[in-house]
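Only one structure is covered here, and it is reproduced in the block below.
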Amino acid sequence: MGIPFLRFALPLAVLYLYYRLLVLDPWIEQPDRTGDAAGSSLTPDEARALVDRSKSLLAEKHYEQALPPMIRLNRAFPENHIYIEELANTYASLGRFADESRMWEQYLQYAPVPSEACPQIGIAYDNQSRPDAAENAFQRCYQAEPNADNILYYAHALERKGDYARAGDLYRQGLKRAPNYPDLRLGLARIDLFQGRRAEALQRALAVLDRSPDNVDGLLVAGMACARLGEVRRAREYLQHGLRLSPNYRDLQIALAGLPGRPANGGHL
């Protein structure tokens with residue numbers, strides 16, 4: 001008798017289990033109310049109204065007023081890379097660089113072409129005086145897409161921390177891709193200066209000045225190279241020319257002040 005009872009009881013137990021789960025105590029998927037409480041749940045009409053409002057405010061450069069509708073859009077659609085990019089650029093316009101870099105990090109996660117966050121993400125960290133974070137960001141940009149701009153920013157970050165060998169290699173790599181890119185050429189000229197190749201540095205700077213005589217970075221490097229070659233008068237001419245074009249350029253001011261002797265005009269530019 002035990003076996004027929006078990007054959008009858010087991011289906012009954014299974015039926016009771018289904019009855020309890022599906023009728024007496026069913027499991028129902030609950031909506032995420034956290035976002036709703038924060039005001040992030042939007043209808044299509046509400047989203048369109050917020051988009052229109054934010055675009056209108058941005059067009060008028062009312063960045064602070066544009067933030068609330070943009071933040072609501074970002075909360076409602078956290079993976080929408082267009083809203084992320086607009087927020088990042090708005091934070092940049094407001095000088096809120098920590099918020100800007102945070103949004104660019106999100107952009108890297110969700111954008112179909114993450115490298116479009118470059119080089120802005122590294123610049124945002126630079127603007128926070130966070131050189132290590134900036135270098136890391138520029139390195140990620142370079143690894144994602146080693147174009148001339150990303151090479152330039154990564155090389156410059158390495159140059160600033162004194163890693164001249166790697167910076168020089170990158171500047172050379174960049175020049176193979178973009179031979180006429182003046183910032184890459186001047187970056188390599190600075191590496192030449194740091195490593196004692198003064199004549200080579202001057203020639204690179206002069207090649208830039210031949211194409212663009214008022215390039216203030218070219219005038220700075222040319223002036224520094226001439227100074228280290230002992231051509232003080234020529235160095236002063238380059239540096240003074242640069243300061244006439246950019247009177248507040250601190251590096252030009254320092255380089256000119258460091259020249260031996262006094263200028264012939266008594267110290268006036």
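The values are calculated or read from the model by the stated rules, or taken from the named source; none is laboratory data. The structure displayed is predicted, hence computed values, not measured ones. Positions of Cβ are backbone-derived with ideal geometry, glycine not excepted, and every protein chain shown enters the neighbour counts.
Out of all the residues in region 179-208, which are in a helix (DSSP H, G or I) and of a type in the set (Gly, Ala, Ser)? Matches in region 179-208: Gly187, Ala189, Ala199, Ala201, Ala205, Ala207.
Conditions tested, residue by residue: (1) of a type outside the set (S, T, N, Q); (2) surrounded by fewer than 18 Cβ atoms within 10 Å (Cβ to Cβ); (3) farther than 17 Å from Tyr154 by Cβ; (4) in contact with a Pro (Cβ under 9 Å, 6 or more places away or on another chain).
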position	(1), (2), (3), (4)
Arg166	yes, yes, no, no
Ala178	yes, yes, no, no
Arg185	yes, no, no, yes
Gly196	yes, yes, yes, no
Ala199	yes, yes, yes, no
Arg211	yes, yes, yes, yes
Asn215	no, no, yes, yes
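Of all residues assigned to region 154-163, at least one qualifies as being of a type in the set (Ser, Thr, Tyr) and under 25 Å from the mean Cα position of the chain (by Cα). Remark: pairs (first residue in region 106-131, modelled with pLDDT of 95 or more; second residue crowded, with 18+ Cβ neighbours inside 10 Å and among the hydroxyl-bearing types (Ser, Thr, Tyr); Cβ separation under 6 Å; 6+ apart in sequence or on different chains) = Ala117/Tyr107; Pro119/Tyr153; Gly122/Tyr153; Ala124/Ser101; Tyr125/Ser101. Within region 172-195, is even one residue among the acidic types (Asp, Glu) and under 26 Å from Cys226 (Cα atoms)? Yes, there is a match, as at least one residue in region 172-195 is among the acidic types (Asp, Glu) and under 26 Å from Cys226 (Cα atoms). Would you check if there is a residue in region 72-91 being farther than 30 Å from Glu60 by Cα, without any contact (Cβ under 8 Å) to a residue 40 or more places away in the chain, hydrophobic (A, V, I, L, M, F, W, C) and not in a helix (DSSP H, G or I)? The answer is no, given that none of the residues of region 72-91 is farther than 30 Å from Glu60 by Cα, without any contact (Cβ under 8 Å) to a residue 40 or more places away in the chain, hydrophobic (A, V, I, L, M, F, W, C) and not in a helix (DSSP H, G or I).
Scanning region 48-70 for residues that are within 17 Å of Gly95 (Cβ to Cβ) and either buried (at least 17 other Cβ atoms within 10 Å of the Cβ) or over 25 Å from the mean Cα position of the chain (by Cα) (or both) yields Leu58, Tyr63, Ala66, Leu67, Met70.
Can you name the residue in region 110-139 that is of a type in the set (A, V, I, L, M, F, W, C) and either closer than 13 Å to Arg96 by Cα or crowded, with 21+ Cβ neighbours inside 10 Å (or both) and is also nearest to the chain's Cα centre (by Cα) among such residues? By that ranking, first place goes to Ile121. Looking across region 210-261, the residues that are in a loop (DSSP other than H, G, I, E, B) and within 28 Å of the chain's Cα centre (by Cα) come down to Ser212, Asp214, Asn215, Ser246, Pro247, Asn248, Tyr249. Taken together, the residues in region 39-64 that are of a type in the set (Val, Ile, Thr) and either modelled with pLDDT of 95 or more or within 16 Å of Pro78 (Cβ to Cβ) (or both) amount to 1.
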